[in-house]
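Undergrad: I have a structure here, written as structure tokens, and I will follow up with some questions on it.
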């Protein structure tokens, strides 16, 4: 997980499908969440809000852009989404503008009639958007702070899968019974 120095209000982002953040897959209860709806909704909402902020794109065009981007990201991430190992495939899922427009953003924008020069005027010159299972974060500029747009704790089915940090966060205050603490004098 990336460190966050700032968080963003998600109230303006599109709502995810009912039950998406609580372990519901598209086929029913799975014990762990396998879809990427909340993460994609956060990424799409963020990029749409950047376009909206400049005030040059109509709400109708923003809706078309949002739908096209959601569809493109879902297809692009389809075989590169690993909730059991969230960092796996992170580079593939990263959306990047670095004086050059990310092809996925370009594809979605072309469906709304936005040209490459228009996109470059409307979006930051340097933007990194990480879309990972359980976390979506971004950085504007090479030296900017990393800000978290969406974060959810991964669902865990047994204590054996917990890290020490997660055990502490769940309130386990004493070491496990097979732990021996030695003190030397």
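Undergrad: Looking only at region 87-106, count how many residues are farther than 22 Å from residue 140 by Cβ and surrounded by 16 or more Cβ atoms within 10 Å (Cβ to Cβ).
TA: Counting residues in region 87-106 that are farther than 22 Å from residue 140 by Cβ and surrounded by 16 or more Cβ atoms within 10 Å (Cβ to Cβ) gives 1.
Undergrad: If only one of 142, 152 is touching a strand residue (DSSP E or B) at 6+ places or on another chain (Cβ under 9 Å), surrounded by fewer than 17 Cβ atoms within 10 Å (Cβ to Cβ), at pLDDT below 95 and within 19 Å of residue 41 (Cβ to Cβ), which one is it?
TA: Only one candidate qualifies: 152.
Undergrad: Here is a check on your reading of the model: is residue 134 surrounded by 11 or more Cβ atoms within 10 Å (Cβ to Cβ), touching a helix residue (DSSP H, G or I) at 6+ places or on another chain (Cβ under 7 Å) and either modelled with pLDDT of 95 or more or farther than 19 Å from residue 67 by Cα (or both)?
TA: In short, no.
Undergrad: Just give me the residues in region 90-104 being free of Cβ contacts under 8 Å to residues at least 24 places away in the same chain and part of a loop (DSSP other than H, G, I, E, B), in sequence order.
TA: 100, 101, 102
Undergrad: Name, by its number, the condition in (1) over 13 Å from the mean Cα position of the chain (by Cα); (2) under 19 Å from residue 39 (Cβ atoms); (3) at pLDDT 95 or above that does not hold for residue 78.
TA: Against the list (1) over 13 Å from the mean Cα position of the chain (by Cα); (2) under 19 Å from residue 39 (Cβ atoms); (3) at pLDDT 95 or above, residue 78 comes up short only on (3).
Undergrad: Also, I was wondering about something else. Would you check which residues across region 107-131 are part of a strand (DSSP E or B) and buried (at least 20 other Cβ atoms within 10 Å of the Cβ) and list them?
TA: Once the filter is applied, which keeps residues that are part of a strand (DSSP E or B) and buried (at least 20 other Cβ atoms within 10 Å of the Cβ), region 107-131 yields 127, 129, 130, 131.
The values are calculated or read from the model by the stated rules, or taken from the named source; none is laboratory data. Since the structure is predicted, the reported quantities are computational estimates derived from the model, not experimental observations. As a convention, Cβ positions derive from the backbone with ideal geometry for all residues, glycine included, and neighbour counts pool all protein chains shown.
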